[in-house]
Amino acid sequence: MSDVDFEVIVVGAGIAGSVAAYRLATLGHEVLLVERGAEPGAKNLSGGVLYSRVMEQVYPAFLEEAPLERRVTRNCLSFLTPTSHVNVDYRDDRLADPTNAVTVLRAKLDPWLVAQAEERGVTVMPGIRVDALLRDGARVVGIRAGEDELRARVVVAADGVNSFLCREAGIATAPPQQHLAVGVKSVIGLPRTTIEERFGLTGDEGAAYAVVGDATRGVGGGGFLYTNLDSLSVGVVLRLDDLTRSGLGSSQVHDAFLEHPMIARFLRDGELQEYGCHLIAEGGLHGMSDLVRPGLVVVGDAAGLTLNTGFTVRGMDLAAGSGIAAATAIDEGLRRGDVSAAGLAGYPARLGKSFVGRDMRTYAKAPAFFENPRLYHDYGSLLSDVLYGVYDLDTTPRRHLLPTASTALTHSAVTKRMIIKDGLAAVRAL
Ligand SMILES: Cc1cc2nc3c(=O)[nH]c(=O)nc-3n(C[C@H](O)[C@H](O)[C@H](O)COP(=O)(O)OP(=O)(O)OC[C@H]3O[C@@H](n4cnc5c(N)ncnc54)[C@H](O)[C@@H]3O)c2cc1C
């Protein structure tokens, strides 16, 4: 240790960084966790559904002790048009036991994760922004923050999407616009009983809505609405290239979503508690960066580990999974005294075999599938027109479902051929 200040320096106290630091300290290493926010979590923003099984692997009492909001037992996929919504509403007691997903507020969760790391002996430095990497030839040997230089055998880049450290290390340039989305989110306070009445929930049950179609005014992306204990997390995720083309502002789309009648009725009389914007990596497998350089590993959003499948938006569980894989591989490298790229190669290997790597590969075609504009313009309207034909009993003679759907199709911008093509693409991608 004489030539270094810490064995490992982790940059960024989000989920990936805190999990990696906690695991490394548990394995007996001297770890520094540096966070630019004055309070961990202060700068972090997430829609808020955390698929929590992976967290229980790291923190066995996670469900009892972490500051969680609700256990998600009801998942709703909603297609919006300006005047209608069609919901696939899935509720299942099995999602509560064992708990599958919980809603979280990062301003509460991140300080808890940092406290766990501190309890294991991690030195935490909040309010410090890392400005540069220190190198010895090709090897990363530490960090610079302002005037201060700190040396370590391994640096972990856990600094989130559009990672400054990855650009510093020459691993990544700024991601192309089609691989980035902007998320705009509000937290709206409401009494607990009001939330339970409006969403049909009891106890700590929670609901999660994924919304497509008119949610984003035709911009590629979607809306979300999640229940917390006494607030709602609601917002939109918008593909940057499409947003630029549309000429709309992200806050304009966010505000229109919150004013849509389907959403507005849930928010009525609520009080705005938080509002924020944040980038999201949307490139999937093809947007992932290299994971290792001599003396450096990259985890979480910094490595491009996010997945949008239309049904679920995931990043937090993948961040935790990458933190676990990175910590194990760093421990092996340190014990062997080899933190070269080859010495740290256990990380990509472990990640690839874990649920993170497997899921990234399974959904490799999802980003390209979601570039299809028909998903945001046409399918919601078609679905609602078919159902209108079924339910609008205007005294004209009824027809069977197939001819009713055929009539809706002839008035739609979508053709049968497109439905078959898009259906096949969906089967391959999702
Ligand atoms: C609107 C929106 C909705 C989302 N919804 C969901 C969802 O419902 N479920 C889900 O699982 N995921 C969701 N995600 C994705 C999820 O938030 C991320 O994947 C996750 O936060 C990644 O964790 P991380 O630890 O890699 O990065 P982050 O949580 O971004 O943490 C990075 C940390 O590094 C710090 N940092 C950055 N640069 C420096 C520096 N130079 N020096 C020191 N510190 C630095 C930051 O302050 C931050 O604390 C959503 C994202 C957005 C934006």
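The values are calculated or read from the model by the stated rules, or taken from the named source; none is laboratory data. Fair warning: this is a prediction, and the values are worked out from it, not measured in the lab. Note: ideal-geometry Cβ built from the backbone for every residue, glycine included; neighbour counts use all protein chains shown. Calculation scope for accessible area: heavy atoms of the full protein, side chains included, ligands and nucleic acids excluded. Shrake-Rupley method; radii C 1.70, N 1.55, O 1.52, S 1.80 Å.
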> When the helices in the chain are scored as -39500 (n - 2.57) per DSSP H run of 4 or longer and the sum is shared across all residues, what 222 nm value do you end up with, to the nearest 500 deg cm²/dmol?
Replying inline: -10000 deg cm²/dmol
>> Using a 1.4 angstrom probe on the protein heavy atoms only, could you order ILE9, ILE419 from most to least accessible area?
In response: ILE419, ILE9
> Normalised by the number of residues in the range 178-281, what is the relative contact order in percent for Cα pairs under 8 Å and 6+ residues apart?
Replying inline: 43 percent
> If r is the Cβ-Cβ distance from ASP3 to ALA345 and R0 is 25 Å, what FRET efficiency results, to the nearest 0.05?
Replying inline: 0.60
>> Number of Lys pairs in the chain with C-alpha atoms less than 22 angstrom apart, excluding same-chain neighbours closer than eight positions?
In response: 5
> Based on the mean of other beta carbon atoms within 10 Å per residue, what is the order of 113-126, 391-404, most packed first?
Replying inline: 113-126, 391-404
> In nanometres, what is the gap between the two model label sites at HIS377 and ARG151, each 7 Å from Cα along Cα-to-Cβ?
Replying inline: 6.0 nm
> Of the peptides 351-363, 283-295, 43-55, 154-166, how do they stack up when ordered by the mean number of other Cβ atoms within 10 Å, highest first?
Replying inline: 154-166, 43-55, 283-295, 351-363
>> Above 42 Å lies some portion of the pair distances; for the chain, what is it as a whole percent of all C-alpha pairs?
In response: 18 percent
> Where both partners of a DSSP beta bridge lie in the chain, what percent of those bridges are antiparallel, to the nearest 5?
Replying inline: 70 percent
> Ignoring ligands, DNA and RNA, how do THR83, THR216 rank by accessible area with a 1.4 Å probe, largest first?
Replying inline: THR83, THR216
> How do the peptides 26-34, 218-226, 380-388 rank, highest first, by the average count of neighbouring beta carbon atoms within 10 Å per residue?
Replying inline: 218-226, 26-34, 380-388
